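Reading through the structure tokens given below for one structure.
Laboratory data are not the source of any read-out in this text; all were calculated from the coordinates shown. Remember, it's a predicted structure, so these values are computed and weren't measured experimentally. Glycine also receives a Cβ, built like all others from the backbone with ideal geometry; neighbour counts cover every protein chain displayed.
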Amino acid sequence: MTRNVDRSMTLIAPYLDKKVQATLDGSLFDHVPATFSFRFCNPSELQEELDDGYEDYLLDWDRQGLVPVAAVASAEAPGYEFAWVFLDWREEGDQPAVIVTTTDRWDDSTGVENLSALHLELI
């Protein structure tokens, strides 16, 4: 694993194999305010999932600097994951920014300062 994947695993460890939700205002997903479910998993496994379904959209992404850590679904429709959370290690530092993509917005223009800004809750 790369250094950034190792650091990402450390940051997401409290959420792995847990039910995680957040009630958000809608700005991250171009959606109405709602509660969302986050499926945190091993970044290497999530990258494989993304490659299987969305490789064409991620061809120009910095795979060393942007590490996928979670898939997102509406809490009301948990079977349909429409967004993904990436930790952005492109800037030096111990705390990465967070980038959020959706099935219809594959860029790094939307995110938050860090994971705590998502107000994640274990349920």
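Model label points for Glu113 and His31, set 7 angstrom from Cα along the Cα-to-Cβ axis, are 2.4 nm apart.
Computed over the chain with a Gaussian network model linking Cα atoms closer than 10 Å, the most mobile of Val69, Val98, Val32 is Val32.
Note that region 10-15 has calculated 3J(HN,Hα) couplings of 4, 5, 8, 3, x, 9 Hz, one per residue in order, obtained from phi through the Karplus relation 6.51 cos²θ - 1.76 cosθ + 1.60 (θ = phi - 60°); glycine and proline are x.
The separation of region 1-61 from region 73-123, counted between C-alpha centres, amounts to 6 Å. Exposure here means at most 12 other Cβ atoms within 10 Å; with GluC sites (Glu not before Pro) in a DSSP loop as sites, the longest stretch of the chain lacking them is 1-75.
For the chain, a Gaussian network of Cα nodes joined below 10 Å ranks Leu66, Leu24, Leu87 by mean-square fluctuation, and the top entry is Leu24.
Across region 58-91, the residues whose backbone nitrogen lies under 19 Å from the label position 7 Å along the beta-carbon direction of Asp17 are 69-71. Our analysis of region 3-122 gives Rg over Rh at 0.92, with the two radii drawn from alpha carbon positions and Rh computed by the Kirkwood formula. Per residue, the average separation of C-alpha pairs within less than 8 Å and at least 6 apart gives region 7-123 a relative contact order of 25 percent. Taking trypsin sites (Lys or Arg not before Pro) as exposed when their DSSP state is a loop state and no more than 16 other Cβ atoms lie within 10 Å, the longest site-free interval of the chain runs over 20-62.
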